1. What whole-number value in Å² describes the accessible area per residue of the stretch 215-263 for a 1.4 Å probe?
2. Could you work out how much longer the chain between Asp95 and Asp218 gets when fully extended? Use 0.36 nm per residue separation minus the Cα distance between them, nm to one decimal.
3. Measure off 7 Å from each Cα along the Cα-to-Cβ vector at Thr235 and Arg71, then give the distance between these two points in nanometres to one decimal.
4. Compute the distribution of all C-alpha to C-alpha distances in the stretch 210-275, in bins of 5 Å from 0, and list the percent of pairs in each, rounded to whole numbers.
5. List every residue whose amide H lies under 5 Å from the amide H of Ile19, counting only residues 5 or more places away in sequence or on a different chain, with H placed 1.01 Å from N in the peptide plane.
6. Helix 113-127 against the longest principal axis of the chain: what's the angle in degrees, Cα atoms only, rounded to the nearest 10?
7. Any idea what angle helix 145-154 forms with the longest principal axis of the chain, computed on alpha-carbon atoms, 0 to 90 degrees, nearest 10?
8. Take the solvent-accessible surface of the protein heavy atoms, probe 1.4 Å, and return the percent of it on the chain that carbon and sulfur atoms account for.
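The values are calculated or read from the model by the stated rules, or taken from the named source; none is laboratory data. Everything numeric here is computed off the predicted structure, so don't read it as measured data. Because the Cβ atoms are built from the backbone with ideal geometry, glycine has one as well, and the counts that use them run over all protein chains shown. For the accessible areas, the whole protein counts, side chains as well, though only heavy atoms, and no ligand, DNA or RNA atoms are used. Shrake-Rupley method; radii C 1.70, N 1.55, O 1.52, S 1.80 Å.
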Amino acid sequence: MDKNIQIEKINGKFKDKDIISLDQFTPKDINILFALTKKMKKIAVNSRAEIVDPQHFSSVSKGESLEDTIRVFEAYCNAIVIRHPVVGTAQKAADIASFVPVINAGDGIGDHPTQGLLDLATIYEKHKRLDNLIMVAAGDILNGRTIRSCMKGLSLYPNNTIYLLSPKELRMTRESFEYYTKRGLKLFEIESEKDIPKNADVWYWTRVQKERFENLKDYEKVKNKFVLTKKLLDTTGGKQTIVMHPLPRVGEITTDVDDDPRAQYLRSQVRNGMYIRMALLALVLGKTK
Ligand code: ASP
């Protein structure tokens, strides 16, 4: 999962490309996307996309193969955005689809590139840089795809440090730890709020991914071990610390944090999700004019 996979790099050309992982991007590509995202902010979005849930509105429930489903879908759309519980399915879909680009909207505990990109956009908007950052990533580091996609993005820039706060059971695998270290991130694993550095630029909180547990008791043991409260933010966060969360939250950030101006998860982070995805779709469809 966290290893360099062979996917076509963007290299400044988005048109017709599948978007499977942050691995495909360079800082230059991210700049191109951010520039268009800025334009998207100005466009009033009134048109509605039609979303099809293959599980309920297609023949998947009758046992149709992924291969056939993707072929049918590409016959009547311009791009396929796929979310699937199994790692690697977006890549498989991209291999099957020959006429339209495929965008990975989350494959199991694998990747979530559009979330990673919108997270980078949010950090950039608030801090005006994507290097020399200190981030605290908390929650389910093992199963949460968004933290790892965001880390892939941050590893494209120099001198970023990430403190990983999680119960021991939810630490990333040693293989992943090595992978991100090799990509240039400085990683520190911590197990207590007391070890959160005072000068962090970003707090990225996540929920424990209940659906990844075989045994509910194991989930109950670790859920909400680290809850971000207003008190914790005021005592341990800095003035510049921004609070992010990919949503949905299920208790790991108390609602008294929501009105703090440092909280971005119900504000710019969500909005940037819309703009980044509009820009990415426009780029892969070649409709940027
Ligand atoms: N919405 C995010 C995702 O799709 C985070 C989450 O589900 O916890 O991965």
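1. Values: 2660 Å² over 49 residues.
Result: 54 Å² of accessible area for each residue.
2. Numbers: separation 123, 0.36 × 123 = 44.28 nm, distance 3.64 nm.
Going from the current span to full extension adds 40.6 nm.
3. 6.2 nm
4. 3, 15, 23, 21, 15, 12, 8, 2, 0
5. When sequence neighbours closer than 5 places are left aside, the close amide H contacts are Val102, Ile103, Asn104.
6. That helix lies at roughly 50 degrees to the long axis.
7. Computed tilt is about 80 degrees.
8. Values: 7800 of 14700 Å².
Taking all protein chains in place, the chain shows 53 percent carbon and sulfur surface.
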